[in-house]
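One structure below.
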Amino acid sequence: MFSVTGISKTYGAVQALDQVSLDLRAGEVVALVGDNGAGKSTLVKALSGAITPDTGAITVDGSRVRIATPRDAQALGVSTVYQDLALCENLDVVANLYLGSEHRRWSVLGHLRMERAARDLLTSLDVRIRDIRVPVAMLSGGQRQSVAIARALIGRPRLVILDEPTAALGVEQTAQVLDLIRRLRERGLAVLVISHNLADVRAVSDRVVVLRLGRNAGEFRTAATSQEAIVAAITGAITHEH
Amino acid sequence: MSTDTLVRRPYTPKEAVARLRRGDLGAWPVVGGLIAIAAVFGTLNEHFLSAENLTNLALQMAATGTISLGIIMVLLLGEIDLSAGSVSGLCAVVMTILYVKQSWNPVAAIALALAAAAAIGLLHGLMHTRLRMPSFVVTLAGLIGWQGLLLYLLGQGGTINLPFDGFVSKLSDTWLPSWLAWTLVAALTAGWAASAVIVRRARRAADLPVPAAYLTWLRVAGLGLALAGAVTILSADRGVPLLLVVFGALVIVLDLVLRHTVFGRWTYAVGGNAEAARRAGIDVTRIRVLAFVLAATLAGFGGVLAASRLSAVNQASGGSDILLMAIAAAVIGGTSLFGGRGRPYAALLGILVIQSITNGMLLLNVDSSVRYMVTAAVLALAVAIDSLARKGSAR
Ligand SMILES: Nc1ncnc2c1ncn2[C@@H]1O[C@H](COP(=O)(O)OP(=O)(O)O)[C@@H](O)[C@H]1O
Ligand SMILES: [Mg+2]
């Protein structure tokens, strides 16, 4: 569905991405792994319109597209959950879910419509928050991450990108978020997860794409691959299969 | 869905503590403070709680309270407007010159003065957003600069009187007839009760939780009693002053705007997390500029009200402790200096507190030197509580 081919990006003397390719399909969770500085964030930024790559092409359903701004990405159905979540702690869950895309008439907020839709969305994702009218500051880390992910679904996206969704979470909350990611897959979304945690990667992904020093360094079917093989690709202990 | 999920349960003790930690104390400390103030000054001076003095208090509140509403707009963004006092004075002087010296129609004079204030706010907002100057510095320059312009416009004379029976002076010498005051009380209470009922119905129909019914009715009854009490007291003197009604209307309108419009929602969002707001596609710059425009315009209007009460403008217009009082009123009412938290009702309660203290000290003939120090101490205390609450929530 989404396809990235031969993307390169240089920052001054640094080659952040060098002829990187990536395929994303509906109903599939792809994990993007690699050492610090491997180019994961840069690749994600190219997909979400935060940067424009120097060369290479992005195609959606076979036709070439231009993603120059976050709005372009949004219009193509790409939704990104950044590592810092970008929630307004002083606003309640409903307000955060609809931030920037509030239901309104003559600029008057449609409180009930939003609250109802928010409740239905969270219920369908099995996210449990007792009172969705309390400020986000009162929620646990896992609940906040869940709100941030649910928020990515408001604009009915086709591709959801998650940057380190479990990095700040404890065991139980990590399990909740991984469940949530599986539910995104069940909804038929394409999901791209950046993670450092190989246990999480193995638990949730269908496919693992490894970047190393800005290049593709291997691609594995998760179910058929050992953790050692992935680690070897990340550290460069083996050459990749292409 | 089972019925128990439909009634929003009151907070558990744990949640209540969490709210306290975040500094979300509601209006209760302020109400407690007001009772304490009434008790202290009431025993020290028997005149303090008289109908006449409480009416004067209401008149004194309106101007500074209006300025305070503007301060809240910028505080919500985590910014500050130190120029509000000077802008209020300047605006009053512009209005007076047009009205008295140029013989303009008073309404047109007020309108042009408010437009000038809005332009000043626009300038502040653009300097803050385009030149990326801290709001503190922009409005500190404004504090001195606009006062300079005020002195320049006033020229040698230094004082311009407003005609006592003119439109502007009449603003603060108009009193609602008793029937109108009581109709207003009934209409406000009924209006609030009706909206509460409508919202409850709609929420039930949408399968959303509603607060317990007794809480809703307790609130409506409380509002009705408070309004009726105020009207009873004020009626024992000259009646309900128009000025108080104007200020009250501004509070209500601003509160509705902040809670029910997209602009209000985005204002809180920018104050809570500007980067998150920006990523959500909100035009953060526009919200910021608008807040400064609103702040300056409300300050200007407060200046007009102050001039009306004094029936004159002079070199002290908008000076002395007006700015400090306006900021204190906002913060005492629970508006956070760190942005994202606060409501216009805060200005109403806060100005009541700070103005009663000032008024009480004036009755006791306390020297202005002491008054300044007390006002500053009250502001410092309110800010300290706000900072501690923030520290608590950041844990
Ligand atoms: N804005 C930037 N300016 C200069 N260099 C950058 C910038 N962003 C990333 N880089 C460099 O590009 C490389 C890839 O970075 P990044 O995509 O953030 O890697 P990862 O997310 O995998 O850790 C790194 O060497 C990093 O220093
Ligand atoms: Mg990164």
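The values are calculated or read from the model by the stated rules, or taken from the named source; none is laboratory data. Please read these numbers as outputs of a predicted model, since none were measured by experiment. Neighbour counts are summed over all protein chains in view; Cβ atoms, including those assigned to glycine, are modelled from backbone coordinates with ideal geometry. The area values use the complete protein model at the heavy-atom level, side chains included, leaving out ligands, DNA and RNA. Shrake-Rupley method; radii C 1.70, N 1.55, O 1.52, S 1.80 Å.
All of (1) surrounded by 20 or more Cβ atoms within 10 Å (Cβ to Cβ); (2) more than 14 Å from chain B (Cβ to nearest Cβ); (3) among the β-branched types (Val, Ile, Thr); (4) not in a strand (DSSP E or B) hold for residue A:208 with one exception: (4).
For segment A:40-61, give me each residue that is within 14 Å of ligand 2 (Cβ to nearest atom), small (Gly, Ala, Ser) and in contact with a strand residue (DSSP E or B) (Cβ under 8 Å, 6 or more places away or on another chain). Residues satisfying the conditions are A:41, A:46, A:48.
So that you can scan it fast, the table gives a plain yes or no per residue for (1) touching a Cys at 6+ places or on another chain (Cβ under 6 Å); (2) over 23 Å from residue A:17 (Cβ atoms); (3) open to solvent by 10 Å² or more (accessible area, probe 1.4 Å):
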residue	(1), (2), (3)
A:137	no, yes, yes
A:142	no, yes, no
A:164	no, no, yes
A:170	no, yes, yes
A:195	no, no, no
A:203	no, yes, yes
A:218	no, no, no
A:221	no, yes, yes
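Checking each residue in segment B:249-271 for being touching a strand residue (DSSP E or B) at 6+ places or on another chain (Cβ under 9 Å) and open to solvent by 30 Å² or more (accessible area, probe 1.4 Å) picks out B:259, B:260, B:265. The residue of segment A:92-110 that is farthest from the other protein chains (Cβ to nearest Cβ), among those that are touching a residue at least 40 places away in the same chain (Cβ under 8 Å) and under 23 Å from residue A:48 (Cβ atoms), is A:97.
Scanning segment B:227-248 for residues that are over 13 Å from residue B:59 (Cα atoms) and open to solvent by less than 40 Å² (accessible area, probe 1.4 Å) yields B:228, B:229, B:231. Just one residue in the set A:45, A:40 is within 14 Å of ligand 1 (Cβ to nearest atom), within 18 Å of residue A:216 (Cα to Cα) and within 14 Å of another protein chain (Cβ to nearest Cβ); that residue is A:45.
Apart from one condition, residue A:127 fits all of (1) away from chain B (no Cβ under 14 Å); (2) more than 25 Å from residue A:70 (Cα to Cα); (3) surrounded by fewer than 22 Cβ atoms within 10 Å (Cβ to Cβ); (4) more than 16 Å from ligand 2 (Cβ to nearest atom); the exception is (3).
Total residues in segment B:206-226 satisfying the condition of being within 14 Å of another protein chain (Cβ to nearest Cβ) and open to solvent by 40 Å² or more (accessible area, probe 1.4 Å): the figure is 2. Being under 30 Å from residue A:137 (Cα atoms), under 18 Å from the mean Cα position of the chain (by Cα) and either more than 12 Å from every other protein chain (Cβ to nearest Cβ) or among the small types (Gly, Ala, Ser) (or both) is the requirement here; does residue B:324 meet it? So residue B:324 does not fit the description; no.
Of all residues in segment A:5-20, those that are on the phi < 0 side of the Ramachandran plot have Cβ atoms under 7 Å from Cβ atoms of residues that are basic (Lys, Arg) and within 10 Å of ligand 1 (Cβ to nearest atom), 6 or more apart or on another chain, in A:16/A:9; A:17/A:9. When B:90, B:69 are checked against the criterion of being buried (at least 24 other Cβ atoms within 10 Å of the Cβ), touching a Phe, Trp or Tyr at 6+ places or on another chain (Cβ under 8 Å) and at pLDDT 95 or above, a single residue qualifies: B:90.
Within the group A:161, A:181, which residue is more than 16 Å from ligand 1 (Cβ to nearest atom) and in contact with a helix residue (DSSP H, G or I) (Cβ under 8 Å, 6 or more places away or on another chain)?
Values: A:161 fails: more than 16 Å from ligand 1 (Cβ to nearest atom).
Residue meeting the stated conditions: A:181.
What do you reckon, is residue A:157 part of a loop (DSSP other than H, G, I, E, B), touching a strand residue (DSSP E or B) at 6+ places or on another chain (Cβ under 7 Å) and within 24 Å of residue A:230 (Cβ to Cβ)? Against the criterion (part of a loop (DSSP other than H, G, I, E, B), touching a strand residue (DSSP E or B) at 6+ places or on another chain (Cβ under 7 Å) and within 24 Å of residue A:230 (Cβ to Cβ)), residue A:157 does not qualify. Residues in segment A:138-172 that are under 11 Å from the mean Cα position of the chain (by Cα), within 16 Å of ligand 2 (Cβ to nearest atom) and away from chain B (no Cβ under 14 Å): A:162, A:164, A:165.
Counting only residues that are buried (at least 23 other Cβ atoms within 10 Å of the Cβ) and modelled with pLDDT under 95, segment B:272-304 holds 4 of them. Residue pairs whose Cβ atoms lie under 6 Å apart, sitting 6 or more positions apart in sequence or on different chains, and linking a residue in segment B:123-138 that is farther than 13 Å from residue B:286 by Cα to a partner that is crowded, with 18+ Cβ neighbours inside 10 Å, are B:133/B:127; B:135/B:79; B:135/B:80; B:135/B:128; B:136/B:80; B:138/B:124; B:138/B:127; B:138/B:128. Is it true that residue A:200 is away from ligand 1 (no atom under 16 Å from the Cβ), in contact (Cβ under 8 Å) with a residue 24 or more places away in the chain and more than 22 Å from residue A:223 (Cβ to Cβ)? So residue A:200 does not fit the description; no.
Considering only segment A:1-113, give the helices (runs of 4 or more DSSP H) lying wholly within it that have at least 3 residues that are surrounded by 21 or more Cβ atoms within 10 Å (Cβ to Cβ) and not hydroxyl-bearing (Ser, Thr, Tyr).
Working: elements: A:40-48, A:70-75, A:93-97.
Those helices (runs of 4 or more DSSP H) span A:40-48, A:93-97.
Scanning segment B:72-93 for residues that are among the hydrophobic types (A, V, I, L, M, F, W, C) and in a loop (DSSP other than H, G, I, E, B), which turns out nearest to residue B:110 (Cα to Cα)? Break it down stepwise before answering.
Residues of segment B:72-93 that are among the hydrophobic types (A, V, I, L, M, F, W, C), as a first pass: B:72-77, B:80, B:82, B:84, B:87, B:90-93.
Checking the rest, the ones that are also in a loop (DSSP other than H, G, I, E, B) come to B:76-77, B:80, B:82.
Values: B:76: 27, B:77: 28, B:80: 25, B:82: 23 Å.
Looking at the filtered set, the residue picked out is B:82.
Being closer than 24 Å to residue B:243 by Cβ, of a type in the set (Lys, Arg) and touching a helix residue (DSSP H, G or I) at 6+ places or on another chain (Cβ under 9 Å) narrows it down to one of B:309, B:288, B:279, so name that one. Full working, then the answer.
Working: B:288 fails: closer than 24 Å to residue B:243 by Cβ; B:279 fails: closer than 24 Å to residue B:243 by Cβ.
It is B:309.
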